[in-house]
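Colleague: What follows is a structure written as structure tokens; I'll ask about it next.
Readers should treat all values here as calculations from the given coordinates under stated rules, not as data from a laboratory. Just so it is clear, the structure is predicted and the values come from calculations on it, not from any experiment. Every residue, glycine among them, receives a Cβ derived from its backbone with ideal geometry; neighbour counts consider all protein chains shown.
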Amino acid sequence: MDVLGKLRTSDERPGRSADSSRLGAVSVRRSNGLKDFLWLMPEVEQGRLLDLGPVAQSTVMFFTDRGFRVTTEDVVRSWDDFEAGWKREHAGSDPAEPPDPAEIAAAFLESNLRFEPESFHGILAWDACDYLETELLAPLVARLHELVAPSGVLLAAFHDAMEVEPVNYRVRDNETVDLVPARRQQPIRRVFQNREILALFAGFRSSRTYVGRDHLREALFLK
């Protein structure tokens, strides 16, 4: 049964757009995706959450106050550091045979996101997929699917434009997220089409997308 089907008639008004009038200011965004993420998260006695962004104290407190154990792994920064280290290590290799991105991606997952299967009841992926190497995406999503417990949920975000200011995400309350200017300067690598998102997360049994006026789409996936 499509559990998320009952959400399709819900209010899909986008959250407030990020305030771009003050460069560097923290923006507040209404998140229908977060609201439904919290509603659909399995009710368990000792829930676990995986946050794939930088450590955000407000996010940690929000979930720990609700009895969750929070694990944070900044996957974009970890990938950037790993990729740079790999290239330094192989700098003297034959330039006619450049490193295989798929090989680097496989090596990355050998040493990152090493948790027991079905460890987490919810995963906040934020906009990580926009910044990661293409060859890493499919094996990464497969790993995340493996880590989500049955009936667990994953929330992701995707930009609709290439020219965006990088931000980090902090949960403020049940349906509000702070967008905090990020120190990283690398641009996003791609703009996903909806069909590409659905294909990438096809292993999940149900999905829902939320379109905002600020060129940010949220997508919710249920295992």
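Colleague: For Thr176, list long-range residues whose amide hydrogen, built 1.01 Å from N in the peptide plane, is under 5 Å from its own amide hydrogen.
Modeller: Those qualifying (amide H under 5 Å, at least 5 residues apart or on another chain) are Ser31.
Colleague: Quote the FRET efficiency, to the nearest 0.05, computed for Gln57 versus Asn112 with a Förster distance R0 of 25 Å and r equal to the Cβ-Cβ distance.
Modeller: Details: r = 23 Å, r/R0 = 0.91.
With R0 = 25 Å, the Cβ-Cβ based efficiency is 0.65.
Colleague: Express the relative contact order of the chain as a whole percentage, based on alpha carbon pairs under 8 Å and six or more residues apart in sequence.
Modeller: Reported relative contact order: 28 percent.
Colleague: Moving on to the next point. Collect residues whose amide H, placed 1.01 Å from N in the peptide plane, falls under 5 Å from the amide H of Arg48; neighbours closer than 5 in sequence don't count.
Modeller: Counting only residues 5 or more places away or on other chains, the set is Arg69, His121, Gly122.
Colleague: With both partners inside the stretch 3-222, how many of the DSSP beta bridges are antiparallel, as a percent to the nearest 5?
Modeller: Taking every DSSP beta bridge within the stretch 3-222, about 65 percent pair in antiparallel fashion.
Colleague: By per-residue mean of other Cβ atoms within 10 Å, what is the highest-first order of 127-137, 182-192, 148-158?
Modeller: Going by the mean number of other Cβ atoms within 10 Å, highest first, we get 148-158, 127-137, 182-192.
Colleague: Length gain on complete extension for the stretch Arg69 to Asp173, per 0.36 nm per residue less the alpha carbon to alpha carbon distance? Intermediate results must be reported in sequence, preceding the final value.
Modeller: Details: separation 104, 0.36 × 104 = 37.44 nm, distance 1.73 nm.
Contour length minus the Cα-Cα distance gives 35.7 nm.
Colleague: Moving to a separate point now. Taking K and R as +1 and D and E as -1, what net charge do the other residues with C-beta under 9 Å from the C-beta of Leu147 add up to? Before the final figure, lay out the partial values.
Modeller: On the way: positive: Arg143; negative: Glu116, Glu118, Glu146.
Once all neighbours under 9 Å are counted, the net charge is -2.
Colleague: Just to check I understand the Karplus step: with θ = phi - 60° and J = 6.51 cos²θ - 1.76 cosθ + 1.60, what whole-Hz values come out for the stretch 195-208, glycine and proline as x?
Modeller: Along the stretch 195-208, the couplings run 5, 5, 5, 5, 5, 5, 9, 4, x, 7, 8, 7, 8, 8 Hz.
Colleague: What are the residues whose amide H is under 5 Å from the amide H of Asn168, where those residues sit 5 or more places off or on another chain and H is modelled from the backbone?
Modeller: Val180, Ala182
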